[in-house]
1. With unit charges on the beta carbon (Lys/Arg positive, Asp/Glu negative), name the residue among His41, Pro121, Val167 whose Cα is farthest towards the positive pole of the charge dipole of the chain.
2. At 7 Å along Cα-to-Cβ for each site, give me the label-to-label distance between Lys212 and Asn122 in nm.
3. Over the C-alpha atoms of region 128-221, what are the Rg and the largest Cα-to-Cα span, Dmax, in Å?
4. Can you give the calculated 222 nm mean residue ellipticity of the chain, where each DSSP H run of n ≥ 4 adds -39,500 (n - 2.57) and the sum is split over every residue, rounded to the nearest 500 deg cm²/dmol?
5. Take Met30, Met1 and order them by how many other Cβ atoms sit within 10 Å, fewest up front.
6. Which number do you get for Rg(Cα) / (2.2 N^0.38 Å) in region 42-87?
7. Once both labels are modelled 7 Å past Cα along the beta-carbon direction, what's the Leu180-Glu223 spacing in nm?
8. Report the rotationally averaged projected area of region 1-102 based on its alpha-carbon convex hull, in square nanometres.
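Bear in mind these aren't lab numbers, they're just calculated from the coordinates by the rules spelled out. These numbers come from a predicted model, not from an experiment. Positions of Cβ are backbone-derived with ideal geometry, glycine not excepted, and every protein chain shown enters the neighbour counts.
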Amino acid sequence: MKQTIKNRKGQNLVVLVEQTQSQKGLAFVMHGLGGFKEQVHIQTIAESFKENSYTVVRFDTTNTFGESGGKYEDATTTNYYEDLEDVISWSSKQTWYQEPFCLIGHSLGGGCTVLYAENYPNKVKALAPISTVVSGKLRFEAHSKKELDEWQKTGWQIRESTSKPGVLKKLPWSHMEDCLEYDLLKKADRLTMPVLLIVGENDKSTPLKHQKILYDKLPSKKELHIIKGAEHTFREKHHLQEIKEIFNNWIKKLD
């Protein structure tokens, strides 16, 4: 079931709810910066939960390349996080809503799910931040000095989208300024639920060393998996199969 709802700013948010019979649980799966709910790694994770009798909610944030409102140039950590809160708030009024629920996110979406779990730990049954942003400071340090200087000087970072070839992704410097306001390590002691971390061996945006910093701060039942040969976004069939297997095993442990 696809539905259009409004976020707190009155913008359209397109939400995809895949209900399951004999529902065991509820899972929210969130894409990363410039991503969308139909990306193959997002779909793969959603399938793992559906096959384990979870109702799954995917959605396009505003200011990305999905079906929701806004434009990419306005994308911030703050707006992605607020959209996650608004989708969960809307879901709480639906018949299939169930607490505590599972939260899964990729990259910036991973950071948003961690932030939500830190703010509302009692609502979250389990957390899976994949290739997650850990802090604005660490994300800043993952860029080369040359790239940062150019971005700050011109006011823009301009790249071609890999998920949507031919589409230019333009981000203002204010995006990075917003991101620098966030640090998930400060309240990591609140993450007492089971946590699953996955990262690509060749991830340059949110590398393994960042994931280890977060992993070491986690007080809970925790797992860290490294996908050999993978980069930041998982597209190769064998990488996706490995991720699905990791999720299937993890979900079974939750039940």
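1. Toward the positive end, the furthest listed residue is Pro121.
2. 3.7
3. When restricted to Cα atoms, region 128-221 yields Rg and Dmax of 15.1, 44 Å.
4. Value at 222 nm, helices only: -11000 deg cm²/dmol.
5. In order of increasing Cβ crowding within 10 Å: Met1, Met30.
6. 1.34
7. Distance between the two pseudo-spin positions: 3.8 nm.
8. 5.9
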